[in-house]
Structure formats: C-alpha cells, structure tokens
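Enquirer: Pasting a structure below so you can have a look.
The values are calculated or read from the model by the stated rules, or taken from the named source; none is laboratory data. Model, not experiment: these values are computed from the prediction. Please note: Cβ atoms are built from the backbone with ideal geometry, for glycine as well, and neighbour counts cover all protein chains shown. Surface accessibility is based on the protein's heavy atoms, side chains included, excluding ligands, DNA and RNA. Shrake-Rupley method; radii C 1.70, N 1.55, O 1.52, S 1.80 Å.
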Amino acid sequence: MHTWDLRVLGPVRVVGADGRPVALGGRRQRELLCLLLTARGRVVGVERLVDELWPDDPPPRAKGAVRTFVSDLRRALEADRRRPRVLVTEGAGYALRPPPECVDVRRAERWAEQAGGAPPEEAARLLGDALAQWRGEPFEEFADAEWARAERARLAELRVRTVERLARARLDTGRIDEAVASLSALVGSHPWREEAWRLLALGLYRGGRRRDALAALAGARARLVDELGLDPDPRLAELEVRILRGDPALRSPASERDVWSNAAAAYAAVPARSRLETTAALISDLAVSGAVAAAAEQRLEAITAAERFGDPELTARVIGRFDVPGVWTRSDDPAGAAAVVAAAERTLDRLGDGGSRAARARLLATVAMESRGTADRGAQAREAERIARELGDPRLLCTALAGRLMQEFGRTGLAGRRRDLAAEVVDVAVDHDLATFEVHGRISRMQALSALGLFAEADADAERVDALADRFDRPLAGVFTALYRRMREDRPPAEAAAVLARSGMAGLAEGTAALLEAASLPDGGGAGPAPDPGPYAPWVLPWLAARAGDRDRARALLDAVPAPPHDLLQEALWLLVLKAARLAGHPEALSRATDALRPAAAERAAGSALLDLGPIAPWLPAPPL
C-alpha cells in the first residue's frame, strides 16, 4: 500500500498520506524522478540519464551520482519494501512504475479518458476533477530541460482539450456562465483554438447574447486569418449561419436564461424585508467567490436600506448575514469597514438588552472583524465567542473566533495563541461542514505556523486549502497559498507582485510587493531598487537608506518612525526597524524595536506567510540580569 502522492502538474513534490511533503533531495534528484516518470514505465539507461541530467559537462562520477539518487528516491518512496517495486533496476537502467492513482498526471489522463463515454453531468465532474490536478505548469522547474519539452507540450494540449470538453459538458447541462467564462479565458491565451471559439459563440448564444456570439465569430475569423494566417474551420461559418437564422436546435433543453428569468420574477414578488435578508446572503456568496469590491459596495447599500426600516432586529440580521471571515489584517476598504462598524454599533445600542443574543453576537463579531488593524476590539470578540458557546451554534462560534483572530495582535509573539484559535475553527468547520470557515481556519493556522517555524504543518494546511478552493470555488484562497509557497521556496518577489496584482484585495496588495522586494535586499551593497512601499514606507524607507549607506537620512527617518500596525506584519516591520537602527547607529530606535520584539523571541518574522525574515532571537541582545 502506497502512502504518498507524486505531483508534477506544477511544482514537483511528493505528499505523504498525512499531507506533509516527502523530502526528494536536490534539484537533479527530483529531475531524475521526473525523467523516469515521462518514460511511462520503460527502462531508461544510465548513460542517457547522465546525458540528460548533465547535458553540458557531466562530472567524473556521474554514474555513481545517479545510483545515489536512485537509492535516496527509493528510501523516500518505498522505505517499507525489501524489494523495490516502484523504482526498479533492469539491466543497465532504471524504470519508475508507480501505481497510476498515486500520480496526478495519470489521474488526470484517466479521468479525461473516462469522460469520453459518460453522460454530460458525469463528464463534467470527471473533467473538472482532471483539471483540478493542475497546480501550475507541468514539470514547472524543468521547463528548459530537453527531455521535458515533448511531455510538457503533450500535457499542455491535454489540458486545453480538457478545458474545451468541460465547457462542452457544461453547455449541455445548462451551466452556461461557467462555460463562457472558461472559454473566454481560453481563446484569450490560445487564439488559434477554433473549437474553443465555436463553443464560446454557442455558449453566448445560449445565454441570450446573440450579438456577442456573432461578434465572437467575427473576432475568431479576424484573428485566425489576419493575425495567424489560418483558414477558419468551416464549422465556424456554419454556426454563424445557424445563429443568424435562429436555429432552435442550438438552444439547450433548459435555457439558463429562462431559469434566471423565472427566479428573478419570483424574487420580485418577495416582500422587501425578506429580499434584504436574502440579498445579504447573496452578497456574502459574492465576496467568497472573489468579487470583493462589488460585495463591499452592495453590503453597505443593503445595510443602509435596512436601517431605513427603523427595525434594529432586521438591521442586525442583514449585517450578520455577511459572515465572511477575513484572513488579512488590513481592510480592502477602510472607509467602508468603518461605516459597517458604525452601523453595527448603532444597531447594538438600539437593540439594548431586548434583542436576540445571536444577533448581538453577530454584531459584536462584525465590529471585531471590521476593526482589524485599526482598533482594539478584543472585548467584543470575546463576548461574541462566549454567547456563541452558550448557544451551541457552530457557525456563530466560527464567526466569533474569526473576529478574535483578527484581534490577537496586541503585541508581538502571539502566534501560538492564533494557532490554537485557528485550530478550533478548523475542527468546528470540519465537524459541521462549513467549508468557508475551514478555508479561513487553515489559512490563519498556516500564517501562525509560519511564525512558529512549523512549516511541514503549514504545508499540509496549504495543500488542503487548495483542494477546498478547487472544490468550493474559493479563488481568493489560492492567492494566500501561492504567496506562501513563493515564500517557502524563496522565489523572486516579482512572482508575488503578479499574484497580488490579480488578487483584487487592496488591503493585501497595496505596497506589499515593494515591501517584499525591499526586505529581500542584503544588508549592504549600494542603493538597489527604490520601490514605492506605499503604507509600509515609515518602516521600509529607513531600512533602504541605512543599507545604501545614507546614515543621516536613515537616522532622521528613525527619529520619527511610528510603531507598526498591530497586524500580521508587525514582527517583520519591527525587524526592519531594528536592522536599520543597527546599520545607521540609532540607539533609541534599536532599543524600541528590541523591546517590541522580545515577546516574539521564540518566533520567526514570518507570521504573514508571505515574508520570512528568519528567526527573531539572533537579532535580540541578551536581556539584562
């Protein structure tokens, strides 16, 4: 029985049954594993392995190194076997023969094949599962290797064809918006895919967008002929004619537009008060699906509308229905968050002692959540937690604990407390099937575990978050795991900039890429780049000046440096102040930073899970006796 999973559709890794990564050794050892995998069970001679692993200048003992790599990989993959069965020796070479279910690329191939003869609903499930195996580019770190080119091209084609087939299955089952969204992205990156253009036009037409469908076909023809010099597939012209004629055979059996029209008509008949509560729930779904800015705007409008009724219980329900937990300690919209807090506090006053305890707890948790990084609302969070425990309401408890997590930054060194709170959120969420809160709890625990240096456990949480995000359509969760993996693998800050730019989360993105770039600079060596650190300027600029040798400017900046906000980055920002003070010779700032960081002496400056400045203790002088 194999207790690991080999993943090559993205960063190469092997994950054990407990969710922890299995050590695979250095780059060439991992490359050997991938090279053997691409042989699909065939024997690869040692001579070829040497040529592929060292294409330019193999070392004198290259064959011995290959044998060592094989031995190490066997220990990692089948330590319990006396006779190797996965990585075998045959003649003068080796073959890798893992069970297909233990390799992501084999699972993707099998599910894509099984979808061929399945009904549309089953095909959509199988194809969706196949696509979920991709976490990035195949054999990502070996993109330039000669042996990988053909396999990467084959898998790229497999993925694109799977996207097209999934879109076709979704069109056949009435999931038109999903199909159109995926096809629009596909033709943007692969404009020569005629089948994708055809399906996109068909999907637009089935969604009631006849003009857009015709425009898509015209755009396809223009790009194929004018830009790529290709003759369009005759089926595109045929589809255009059928759309112009209004061919009824093009429509799906149950048009999604009709379904939504019926739903909208029924919704219009619902009393205004009930519509407000339903709208609040929909806004909550909008936020977790990635439309953060739109959700924030609609939320304020719903709260304002509720207050006009003069019914504090209704307002409390509308505010409380937005139980979307936050995992970053800076709000995307500080002014909007302040308005929500003010509305919640007004509603608490109007409820007095006569309102429901659950409503009171939701309002208190809202105040704690929306005050993150700006005000101490720990008392409100703890009261919300107490009420939730007394009522025995698991969802309310997760909401209250989420508020507490955003308030556990009163000083540095509180990662252990946040880890324990996040662990309880995960346990409650798993027991009661609360996927959004499980994602929240695992990301929060991943952050806390990073500060505690427990990266194997944090890796497991990141893997689970990605699985949940794929299953429940939580795109924003992947932003945090992508940033965490960049930090873990010490990849360039520019990679984080790309992730942040498309996140849509202003509170996370503003100035963060510049902070990561500045923090990655060594202690000396010239001015280096001068990024705009935005809100992090008070703590980044002294560091940049000090490392560039401009001691006077650094000291002037340190004279006025404020304490960092009480948030996920406070340990890292204090450490930048400490390093700047050392380089510039500023004893007062050095003393302030040292005193602030001393409670975190057992931690790393990594609690954000996107920036790791290493252990804090080596930077602290021994405390006086």
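Enquirer: Using only the alpha carbons, work out the radius of gyration and Dmax of segment 18-129 in angstrom.
Expert: Radius of gyration, then largest Cα-Cα span, for segment 18-129: 17.1, 57 Å.
Enquirer: Once phi is turned into ³J(HN,Hα) by the Karplus curve 6.51 cos²θ - 1.76 cosθ + 1.60 with θ = phi - 60°, what whole-Hz value does each residue of segment 539-546 show in order, with x for glycine and proline?
Expert: Each residue's phi maps through the Karplus curve to give 9, 7, 4, x, 5, 4, 5, 5 Hz.
Enquirer: For a test of the definition: using alpha carbon positions, the gyration tensor, and the 1.5 limit on a/c, classify segment 16-66 as rounded, prolate or oblate.
Expert: Numbers: a/c = 2.87, a/b = 1.62, b/c = 1.78.
It comes out oblate by the Cα gyration axes.
Enquirer: A further question on this structure: Beyond 18 Å, what percent of the Cα pairs of segment 341-413 remain?
Expert: 34
Enquirer: Where does each of 90, 603, 510 land when they are ordered by accessible area, with a 1.4 Å probe and the largest first? Present the calculation step by step, with values, prior to reporting the outcome.
Expert: On the way: 90 80, 603 15, 510 100 Å².
The ordering from most to least exposed comes out as 510, 90, 603.
Enquirer: Continuing with the same structure: From the helices alone, meaning DSSP H stretches of at least four residues, give me the mean residue ellipticity at 222 nm for the chain, per-run term -39500 (n - 2.57), in deg cm²/dmol to the nearest 500. Please report the intermediate quantities before stating the final value.
Expert: Values: 29 runs with 385 residues, N = 625.
Per the formula, -19500 deg cm²/dmol.
Enquirer: I would also like to ask the following. Heavy atoms only, probe 1.4 Å: what % of the accessible area of segment 1-86 goes to carbon and sulfur, would you let me know? Display every interim value, and only then the final one.
Expert: Numbers: 2170 of 4720 Å².
The C+S portion of the solvent-accessible surface of segment 1-86 is 46 percent.
Enquirer: Something else now. Direction-averaged shadow area of the convex hull around the Cα atoms of the chain, nm²?
Expert: Values: hull surface 145.2 nm².
Computed as one quarter of the Cα hull surface, the answer is 36.3 nm².
Enquirer: May I ask you to derive the relative contact order of segment 23-176, considering only C-alpha pairs under 8 Å and at least 6 residues apart, and to give it as an integer percent? Walk me through the numbers on the way to the answer.
Expert: On the way: 146 pairs, mean separation 33.3, N = 154.
Averaging sequence separation for qualifying contacts and normalising by length gives 22 percent for segment 23-176.
Enquirer: Probe 1.4 Å, all protein chains in place: accessible area of residue 3 in Å², nearest 10?
Expert: Estimated to the nearest 10 Å², residue 3 gives 80 Å².
Enquirer: Ordering 89, 162 by accessible area with a probe of 1.4 Å, largest first, what comes out? Could you put the intermediate results ahead of the total?
Expert: On the way: 89 75, 162 5 Å².
Result of the area sort, largest leading: 89, 162.
Enquirer: Here is a follow-up. Read phi for every residue in segment 593-610 and hand back ³J(HN,Hα) as whole Hz from Karplus 6.51 cos²θ - 1.76 cosθ + 1.60, θ = phi - 60°, with x for Gly and Pro.
Expert: Running phi through 6.51 cos²θ - 1.76 cosθ + 1.60 with θ = phi - 60° gives 5, 4, 4, 5, 8, 4, x, 9, 4, 8, 10, 9, 7, 9, x, 7, 6, 9 Hz.
Enquirer: OK, next. If a/c stays under 1.5 just call it rounded; otherwise compare a/b with b/c (prolate if a/b is bigger, oblate if not). Do that for segment 434-486, with a ≥ b ≥ c from the square roots of the Cα gyration tensor eigenvalues. Can you show the working numbers first?
Expert: Details: a/c = 2.15, a/b = 1.63, b/c = 1.32.
It comes out prolate by the Cα gyration axes.
Enquirer: What are the extents of the Cα atoms of segment 176-222 along their three principal axes, listed from largest to smallest and rounded to whole Å?
Expert: Result for segment 176-222: principal-axis Cα extents of 25, 21, 13 Å.
Enquirer: Based on the Cα gyration tensor of segment 485-625, what are the three equivalent ellipsoid semi-axes, each the root of five times an eigenvalue, rounded to whole Å and given largest first?
Expert: Numbers: eigenvalues 112, 64, 36 Å².
So the three semi-axes of segment 485-625 are 24, 18, 13 Å.
Enquirer: How big is D for segment 457-552, in µm² s⁻¹ as a whole number, if Stokes-Einstein is applied with the Kirkwood radius of its Cα pairs at 10 °C and 1.306 mPa s? Write out the running numbers ahead of the final one.
Expert: On the way: Rh = 14.8 Å.
After rounding, the answer is 107 µm²/s.
Enquirer: Follow-up question, since we're still on this one. How high is the relative contact order of segment 328-422, in percent, with contacts defined as C-alpha pairs under 8 Å that are six or more residues apart? List each step's numbers first, then the result.
Expert: Working: 111 pairs, mean separation 25.9, N = 95.
Computed value for segment 328-422: 27 percent relative contact order.
Enquirer: Sticking with this one: Give the peptides 330-343, 448-461, 140-153 in descending order of average Cβ contacts within 10 Å, highest first. Mind showing how you got there, number by number?
Expert: Numbers: 330-343: 18.3, 448-461: 21.9, 140-153: 15.4.
In decreasing order of mean packing, 330-343, 448-461, 140-153 become 448-461, 330-343, 140-153.
Enquirer: Using the heavy atoms of the protein chains alone and a 1.4 angstrom probe, what is the accessible area of the chain per residue in square angstrom?
Expert: On the way: 28400 Å² over 625 residues.
Here the residues of the chain average 45 Å² of exposed surface.
Enquirer: Please state the relative contact order of segment 484-625 as a whole percent: Cα pairs under 8 Å, 6+ residues apart? The partial results should precede the final answer.
Expert: Details: 196 pairs, mean separation 25.9, N = 142.
So the answer I get is 18 percent.
Enquirer: With the cut-off at 15 Å, report for segment 398-445 the share of all Cα pairs above it, as a whole percent.
Expert: Details: 389 of 1128 pairs.
I get 34 percent for the Cα pairs in segment 398-445 exceeding 15 Å.
Enquirer: Now, a different point. Amide H neighbours of residue 103 under 5 Å, counting only residues 5+ apart in sequence or on other chains, H built in-plane at 1.01 Å?
Expert: 6
Enquirer: Tell me, what is the 1.4 Å probe accessible area of residue 63, in Å² to the nearest 10?
Expert: My reading of the accessible area for residue 63 is about 90 Å².
Enquirer: So if I take the centroid of the Cα atoms in segment 325-351 and the same for segment 55-128, what is the distance between those two points in Å?
Expert: Here the two parts' Cα centres lie 51 Å apart.
Enquirer: For residue 87, list long-range residues whose amide hydrogen, built 1.01 Å from N in the peptide plane, is under 5 Å from its own amide hydrogen.
Expert: 97
Enquirer: Counting only residues 5 or more places away or on other chains, whose amide H sits under 5 Å from the amide H of residue 22 once H atoms are built in the peptide plane?
Expert: Under 5 Å from the amide H of residue 22 lie the amide H atoms of 14, 15, 16, each far enough along the sequence or on another chain.
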